[in-house]
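J.: Okay, here's the structure, questions in a sec.
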Amino acid sequence: QVQLVESGGGLVQAGGSLRLSCTASVSTFGTYSMAWFRQAPGKEREFVAASGWVGDTTYYEDSVKGRFTVSRDNDKNTVYLQMNNLKPDDTAVYYCAARVGSAYEMPERYNTWGRGTQVTVSS
């Protein structure tokens, strides 16, 4: 029913920046909360940031707060994750997720996921 496509991943040096994008094929994007998760090999999927369906509400994992910024453009059905001052520990596959209503940090609350985009940060 809903398709999510992430883009913007890549290889950067520590201290560099990347901007991830996630575009959703929905007509009611403004009613969705959008979240970013990441998963490194052998580790659990981890909450990174979210943009709530209520305007200008954002949420961040402590490890990225102050470095990452999540934003959305409802006219483009797109959520962004601006990542600055990247660290090697940020290396992971980054996933976009969507749900109707409130944002949550628990991945099981999201029913729709993108395929992910790889972010690799070298030392």
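J.: Using a 1.4 Å probe, how large is the accessible area of D89, given in Å² and rounded to the nearest 10?
T.: Counting only protein heavy atoms, the figure is 140 Å².
J.: Restricting to DSSP loop positions (anything but H, G, I, E, B) with no more than 15 other Cβ atoms inside 10 Å of their own Cβ, which GluC sites (Glu not before Pro) remain in the range 45-121? Don't skip to the answer; put the middle values down first.
T.: On the way: sites: E46, E61, E105, E108; in loops: E61, E105.
Passing sites in the range 45-121 are E105.
J.: Please report the accessible area of K43 (heavy atoms, 1.4 Å probe, ligands and nucleic acids excluded) in Å², nearest 10.
T.: 140 Å²
J.: Also: Probe radius 1.4 Å, ligands and nucleic acids ignored: give me the carbon and sulfur share of the accessible area of the chain as a rounded percent. Please list the in-between numbers first.
T.: Numbers: 2940 of 6520 Å².
Solvent-exposed carbon and sulfur of the chain make up 45 percent of the total.
J.: With labels modelled as points extended 7 Å from the Cα through the Cβ direction, what inter-label distance (nm, one decimal) is found for Q82 paired with S17?
T.: Label at Q82, label at S17, 0.6 nm between them.
J.: Would you grab the residues whose amide H sits under 5 Å from the one on A103? Only those 5+ places off in sequence or on another chain, please, with H modelled 1.01 Å from N.
T.: Those lying under 5 Å, H to H, from A103 are W53.
J.: Provide the gained length on full extension for the span N74 to S123, in nm with one decimal, where the gain is 0.36 nm per separating residue minus the Cα-Cα distance. Provide the component values of the computation, followed by the final result.
T.: On the way: separation 49, 0.36 × 49 = 17.64 nm, distance 3.57 nm.
Separation in residues times 0.36 nm, less the Cα-Cα distance, equals 14.1 nm.
J.: At a probe size of 1.4 Å, how large is the accessible area of M106, to the nearest 10 Å²?
T.: 80 Å²
J.: Follow-up. Would you kindly state how much longer the chain becomes between A40 and E105 on full extension, computed as 0.36 nm times their sequence separation minus their alpha carbon distance, in nm to one decimal?
T.: Contour length minus Cα-Cα distance gives 21.7 nm.
J.: OK, next. Using the Karplus equation 6.51 cos²θ - 1.76 cosθ + 1.60 (θ = phi - 60°), what ³J(HN,Hα) coupling, rounded to whole Hz, does each residue of the range 70-83 give in order, writing x for Gly and Pro?
T.: Listing the rounded values in order: 9, 8, 9, 10, 5, 5, 9, 6, 9, 10, 10, 10, 8, 10 Hz.
J.: Starting from the 7 Å offset along Cα-to-Cβ, what nm value, one decimal, do you get for the label separation of V5 and R67?
T.: Taking the simple label geometry, V5 and R67 are separated by 3.0 nm.
The values are calculated or read from the model by the stated rules, or taken from the named source; none is laboratory data. If you're wondering where the values come from, they're calculated on a predicted model, not measured in any experiment. No Cβ is skipped: glycine too gets one built from the backbone with ideal geometry, and neighbour counts run over all protein chains shown. Side chains are part of the model used for accessible areas, which takes the heavy atoms of the whole protein and leaves out ligands, DNA and RNA. Shrake-Rupley method; radii C 1.70, N 1.55, O 1.52, S 1.80 Å.
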